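The structure under discussion appears below in the form of structure tokens.
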Amino acid sequence: VGFTIRHIVSRTSGSFTGVSGTIDYDPDHPEASVVMATIDVASIDTNNESRDAHLKGADFFNAEKYPTITFSSTGATKKGDRLMVTGDLTMHGVTQRVVLPVEVLGVGVHPRSKAAVAGFSAQTVLKRSDFGVNSWTDVAGVLGDEVTVTLNIEAVVKPPKEPATKEGSTGK
């Protein structure tokens, strides 16, 4: 999960490296897709330890009080070559409905591990003020309100679980 934001007269970028989740995706029925994701706020990395510590603190994410950012999809619709995934994004104790325009990059087999994989990409713009991520007033115009978020996902497809059988049952 990457992001960029205006900082003074340029742009600063960073990422969250602690990301986990599940994607239920069927290429034949993409509208039935379900996405659940969790981001570890403390995993923020802008390639500057001092800035990262400030971002984790009470002025911004307040990682101690709000240790995760979560996304839980509520629906998906096909729109042209995109899958519009609607869901609830919770960050800094605030939940907002967002729509992620997801590009399905493909489903295939990893050449080395032979595991089934699926690839997705999405980009959206969020306003940090919508989530209360900045308690100090930005009168000097040091930091923009709009944050461009980029998602690049290569997911390993897990095989379906076998149905549980009772001990002594033939499983038929």
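The values are calculated or read from the model by the stated rules, or taken from the named source; none is laboratory data. Quantities reported herein were computed from a predicted structural model and do not represent experimental measurements. Reconstructed Cβ throughout: ideal geometry from the backbone, glycine too, with neighbour counts over all protein chains shown. Remember, those area values only see protein heavy atoms, side chains included, never the ligands or the DNA or RNA. Shrake-Rupley method; radii C 1.70, N 1.55, O 1.52, S 1.80 Å.
Within this structure, Lys114 fails the test of being open to solvent by 70 Å² or more (accessible area, probe 1.4 Å), in a loop (DSSP other than H, G, I, E, B) and either in contact with a helix residue (DSSP H, G or I) (Cβ under 7 Å, 6 or more places away or on another chain) or in contact (Cβ under 8 Å) with a residue 24 or more places away in the chain (or both). Candidates Thr4, Thr22: the one that is open to solvent by 40 Å² or more (accessible area, probe 1.4 Å), modelled with pLDDT of 95 or more and outside any loop (DSSP other than H, G, I, E, B) is Thr4. Among the residues of the stretch 35-58, those that are assigned to a strand (DSSP E or B) and open to solvent by less than 60 Å² (accessible area, probe 1.4 Å) comprise Val35, Ala37, Thr38, Ile39, Ile44.
In the stretch 64-99, which residue that is of a type in the set (D, E, K, R) and over 15 Å from the mean Cα position of the chain (by Cα) is most open to solvent (accessible area, probe 1.4 Å)? So the residue we want is Glu64.
In this entry, Phe61 is excluded by the filter for residues that are open to solvent by less than 70 Å² (accessible area, probe 1.4 Å), aromatic (Phe, Trp, Tyr) and part of a strand (DSSP E or B). Restricting attention to the stretch 65-101, the residues that are of a type in the set (Phe, Trp, Tyr) and not in a strand (DSSP E or B) add up to 1. Val102: of a type in the set (Val, Ile, Thr), under 29 Å from Val9 (Cα atoms) and at pLDDT 90 or above, yes or no? In short, no.
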